[in-house]
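Please treat every number below as a calculation from the coordinates, not as lab data. Please read all numbers here as calculations on a predicted model, not as lab measurements. Positions of Cβ are backbone-derived with ideal geometry, glycine not excepted, and every protein chain shown enters the neighbour counts.
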Amino acid sequence: MLRWFFERKIAAAERELGVPATESRYMLRHSIDALFAYASLRKLARFHGPLPADVYAAAKIAAYRQQDCGSCLQITVNLAKKSGVSTEMIRTLLDGRTDVLPEELREVSQYASEQANRVDNPVLRERLRQRYGDEGLIALALAITSAGTFPTFKRAVGLATTCSQVRIEV
């Protein structure tokens, strides 16, 4: 009965995210406790605090571009689209053409990319803190952190071994 319930929850998540949740199904088969722990990370990955949708998406896409080339990046794109971020902006971020973005989004993208690559930029961090406040900076940090967590887990258990083309559904 419990497995049936989780199967339904996973199927619902797949519909929402637009990709198969193979890692969740893997954990359901082998460790429900691990699945519970993993599911709690979704809250971390979705916290955007006071950040506007386009700012949050810029951070997530920039960080995920550095950490993933598959379903995690696709999920990020799908959720950005669902939150109202324009296809044009998503394509620009995916292509890495941040020079054409407004300064605010260019700086967020730069900061997220640098942090995902373990490059600290205290001047830019302070500028973002001034712009978005401490809660906004925390939201940016959580967005960047999640970009490493999910792809790393999938690779570590052998479920992310190839890249895939990211699509922007219109």
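A Förster distance of 30 Å, applied to the separation of the beta-carbon atoms of residue 19 and residue 118, puts the FRET efficiency at 0.65.
Between region 38-100 and region 108-158, the C-alpha centres lie 12 angstrom from each other. Phi angles across region 54-68 convert, under the Karplus curve 6.51 cos²θ - 1.76 cosθ + 1.60 with θ = phi - 60°, into 3J(HN,Hα) values of 5, 5, 4, 5, 4, 5, 4, 5, 4, 5, 5, 4, 7, 9, 8 Hz, Gly and Pro given as x. Using θ = phi - 60° in the Karplus curve 6.51 cos²θ - 1.76 cosθ + 1.60, the 3J(HN,Hα) couplings for region 146-158 round to 5, 5, x, 5, 5, x, 5, 4, 4, 5, 5, 9, x Hz; x is entered for Gly and Pro. In loop segments of region 69-170 as defined by DSSP, the GluC sites (Glu not before Pro) with at most 12 further C-beta atoms inside 10 Å of their C-beta are 169.
Counting other Cβ atoms within 10 Å as a rough exposure proxy, the listed residues 55, 157 run 157, 55 from fewest neighbours to most. Share of pairwise Cα-Cα distances greater than 26 Å in the chain is 28 percent (whole percent). Summing +1 for each Lys or Arg and -1 for each Asp or Glu, what net charge is found among the other residues whose Cβ lies under 13 Å from the Cβ of residue 162? For residues surrounding residue 162, the net value is +1. Against the empirical 2.2 N^0.38 Å (N residues), region 99-170 has a Cα radius of gyration ratio of 1.32.
Going 7 Å from the Cα of residue 97 along its beta-carbon direction, which residues of region 64-88 have the amide nitrogen within less than 16 Å of the resulting point? Residues passing the 16 Å test: 86-88. The modelled label-to-label distance between residue 34 and residue 46, using points 7 Å beyond Cα along the C-beta direction, is 2.3 nm. Couplings 3J(HN,Hα) for region 134-139, derived from phi with the Karplus relation 6.51 cos²θ - 1.76 cosθ + 1.60 (θ = phi - 60°), are 5, 5, x, 5, 4, 4 Hz, where x marks Gly and Pro. Sparse packing (at most 14 other Cβ atoms within 10 Å of the Cβ) combined with a DSSP loop state is found for the following trypsin sites (Lys or Arg not before Pro) in region 97-170: 97, 118, 167. Modelled label positions at residue 159 and residue 7, each set 7 Å beyond Cα in the direction of Cβ, lie 1.7 nm from each other.
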